[in-house]
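Report on the structure given below.
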């Protein structure tokens with residue numbers, strides 16, 4: 001396969017992630033979908049007119065039986081792009097935080113494919129790095145959209161990384177739902193010793 005055939009755009013990557021996530025949600029929620037925190041992942045535009053067509057984002061919603069509200073949103077950037085250098089990129093973080101503020105959701109994420117970071121909007125009084133709930137490393141080092149597009153890397157993301165990530169996110173969201181808004185034991189600032197900012 002040529003390099004041109006292996007290139008992937010953010011929207012295409014998010015679409016593949018949403019499709020894989022929806023299959024996992026169906027499997028994990030088979031017993032009681034209403035009790036499950038996630039119902040559907042979608043790639044959606046926001047804004048109006050041309051902006052809506054240009055801006056597409058990965059969003060995760062509650063089950064329809066629970067209201068179908070937005071549960072999690074964020075920003076995805078591919079490695080090899082200026083904002084995709086780090087999941088801690090300030091502009092990436094600010095864009096994701098603004099989306100969460102606009103949508104009124106507690107948790108949001110930044111993801112540069114190599115690393116997924118979950119942030120807690122309710123910690124607004126703390127500096128941004130202390131709002132970090134947890135970071136998940138892919139376990140591969142992908143340097144470009146071409147690396148992401150390689151079939152073996154997409155398969156690894158869909159079958160190895162994504163299932164573990166979603167189970168952890170489900171545990172975090174479930175614990176918060178059970179314990180109440182500000183009583184999540186698992187939600188605490190992460191250690192900053194392994195943080196590398198670019």
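The values are calculated or read from the model by the stated rules, or taken from the named source; none is laboratory data. Keep in mind the model is a prediction, meaning the values are calculated, not measured. Don't worry about glycine lacking a Cβ; one is built from the backbone with ideal geometry, like all the others, and counts go over all protein chains shown.
Residues that are out of contact with any strand residue (DSSP E or B) (no Cβ under 8 Å at 6 or more places or on another chain) and closer than 28 Å to residue 142 by Cα were ranked within region 55-82; the one that is surrounded by the most Cβ atoms within 10 Å (Cβ to Cβ) is 78.
Look at (1) more than 25 Å from residue 144 (Cβ to Cβ); (2) touching a strand residue (DSSP E or B) at 6+ places or on another chain (Cβ under 7 Å) and you find that residue 104 fails only one, number (2). Considering the conditions (1) in contact with a helix residue (DSSP H, G or I) (Cβ under 9 Å, 6 or more places away or on another chain); (2) surrounded by fewer than 14 Cβ atoms within 10 Å (Cβ to Cβ); (3) assigned to a loop (DSSP other than H, G, I, E, B); (4) at pLDDT 85 or above, residue 8 is excluded by exactly one of them, (2). Among the criteria (1) modelled with pLDDT of 95 or more; (2) on the phi > 0 side of the Ramachandran plot, the one residue 136 does not fulfil is (2). Under the condition of being over 16 Å from residue 89 (Cα atoms) and surrounded by fewer than 20 Cβ atoms within 10 Å (Cβ to Cβ), the residues counted in region 107-132 number 6. Being touching a residue at least 12 places away in the same chain (Cβ under 8 Å) and touching a helix residue (DSSP H, G or I) at 6+ places or on another chain (Cβ under 8 Å) holds for only one residue in 160, 167, and it is 167. Quick check: anything in region 42-51 surrounded by 13 or more Cβ atoms within 10 Å (Cβ to Cβ) and either part of a helix (DSSP H, G or I) or at pLDDT below 75 (or both)? Yes, there is a match, as at least one residue in region 42-51 is surrounded by 13 or more Cβ atoms within 10 Å (Cβ to Cβ) and either part of a helix (DSSP H, G or I) or at pLDDT below 75 (or both). Filtering region 141-157 to residues that are buried (at least 16 other Cβ atoms within 10 Å of the Cβ) and without any contact (Cβ under 8 Å) to a residue 60 or more places away in the chain leaves 153, 156.
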